[in-house]
Amino acid sequence: MNFLLTYKCLSNCKFCFVPKEIKNKQSEMTFTQFKNNLNHINKIYKNKKPVLGILGGEPTCAKDFPMIIGYAKTYKGWVRLYSNLITDTNNIKYLLGAKNIVVSWNISSYIQASTENKKLILKNLKLVKKDLKNNFLASITLYKDFQIKDFFKIIKVLKKYDIKNIRIALDSTNYNIFKNYGIKIFEFIKYLKSLNFNLYSSSCGHFIKNIFTKEQETYLKENVYNFKYNNCLKNYPLDVLPDGTVVPCVSFSNKSKNIKFLYYKSITSLKKEISKKFNLAKTKYKNCIANKF
């Protein structure tokens, strides 16, 4: 389950998954809303807690981020914070000391950043990596016409700061471009493994079927943690938008389906209701291209 705190962002990634229809709304999740959501999860799950994601935009830019992340530290489960690290260093300091938070750094923000923002990213990177140690990973989202050489400079940064964990994802806004990219993706993953990085797939599985050979698939399953194919009917995340609306994936967020997380006493019943109201069984590939494959 993901919480989108804000749509504010100081980066401009070509693969941003937040639809333009809602980027201009600029609404934010308040501390009270986040607290109510977290308390509700704690009521539903008495023991084993689900992994939570905190997203944006850039979540650290949310006005209530200091209080939100402070409360997230009390959660008895894992929390993933997805950040481009282009934010005031004081916001990063609120993460320090966390035992249950993993920061996933979007490296594309660095590749395209201005000189000034590159310095800010590295300042924040040094601070958070020193404190969180291995609870930190770099996130690489592959885009149209990517080349291995595109990542040479950023890999030097990862080596310098002793970042060993890399999350690999595909541009979920345009899966169709990858149907003939199997060899390129496979060779890139082999290249990263040759540099002794630990590789992870996204939680919902960003890879799509039928782009790899059987031999390649076997290698990927052995060398990419959590490797699985995207299945929008089963693996979709629950995204809680700033106004409290829940959607099966943020790409559906421009549809008006008044589903509120706090109305449900079970995640299972919530998913059933979402599958029914959003008619996921008949989802067309233009909304989730992975279904086409």
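Read the figures in this text as sums done on the coordinates, not as results from a lab. It should be emphasised that the depicted structure is a prediction, and the values quoted were computed from it without experimental measurement. FYI the Cβ positions are ideal-geometry reconstructions off the backbone, even for glycines, and counts take in every protein chain you see.
Can you give the extra length, in nm with one decimal, that the chain gains between Phe15 and Ile44 once fully stretched, where that is 0.36 nm per residue apart less the Cα-Cα distance?
7.1 nm
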> Once label points are set 7 Å from the Cα along Cα→Cβ at both Ala281 and Tyr161, what is their separation, rounded to one decimal in nm?
Replying inline: 4.7
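As an exercise, use a Förster radius of 41 Å and the Cβ-Cβ distance of Gln147 and Lys265 to find the FRET efficiency, rounded to the nearest 0.05.
Once rounded, the FRET efficiency stands at 0.25.
May I ask you to compute the full-extension gain from Asn226 to Lys214, defined as 0.36 nm times their residue separation minus their alpha-carbon distance, rounded to one decimal in nm? All intermediate terms of the calculation are to be shown ahead of the outcome.
Values: separation 12, 0.36 × 12 = 4.32 nm, distance 1.74 nm.
So the chain would gain 2.6 nm between Asn226 and Lys214.
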>> Along each principal axis of its Cα atoms, how long is segment 98-230 end to end? Whole angstroms, biggest number first, please.
In response: 42, 32, 27
>> Please compute the volume of the convex hull spanned by the alpha-carbon atoms of segment 2-292 and report it per residue in Å³.
In response: 129
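Restricting to Cα atoms and excluding each atom paired with itself, what does the Kirkwood estimate give for segment 150-218 in Å?
About 13.2 Å for segment 150-218.
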> Given a Förster radius of 41 Å and the C-beta distance between Lys73 and Glu116 as r, what FRET efficiency does 1/(1 + (r/R0)^6) yield to the nearest 0.05?
Replying inline: 0.85
> Where does the chain land at 222 nm, in deg cm²/dmol rounded to the nearest 500, when only DSSP H runs of n ≥ 4 count, each adding -39500 (n - 2.57), divided by all residues?
Replying inline: -9500 deg cm²/dmol
>> Running a GNM on the chain with Cα contacts under 10 Å, which residue among Ser269, Ser83, Ser108 ends up with the highest mean-square fluctuation?
In response: Ser269
> Rounded to the nearest 5, what % of the DSSP beta bridges within segment 2-292 are antiparallel ones?
Replying inline: 10
>> For a quick check, take a GNM of the chain with Cα springs below 10 Å and name the residue from Ser275, Ser114, Ser194 with the largest mean-square fluctuation.
In response: Ser194
> Using a simple charge model, +1 on the beta-carbon of Lys and Arg, -1 on the beta-carbon of Asp and Glu, nothing else, what dipole does the chain show about its Cα centre, in debye to the nearest 20?
Replying inline: 540
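Scaled to the compact-protein estimate 2.2 N^0.38 Å, what is the alpha-carbon radius of gyration of segment 1-120, rounded to two decimal places?
Output field value: 1.07.
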> Which of Phe3, Phe278 comes first, and how do the rest follow, when ranked by fewest Cβ neighbours within 10 Å?
Replying inline: Phe278, Phe3
> Which of these, Leu55, Leu122, Leu195, has the largest mean-square fluctuation under a Gaussian network model of the chain (Cα springs below 10 Å)?
Replying inline: Leu195
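Which FRET efficiency value, to the nearest 0.05, is calculated for Asp131 and Lys179 with the Förster distance at 45 angstrom and r the Cβ-Cβ distance?
0.65
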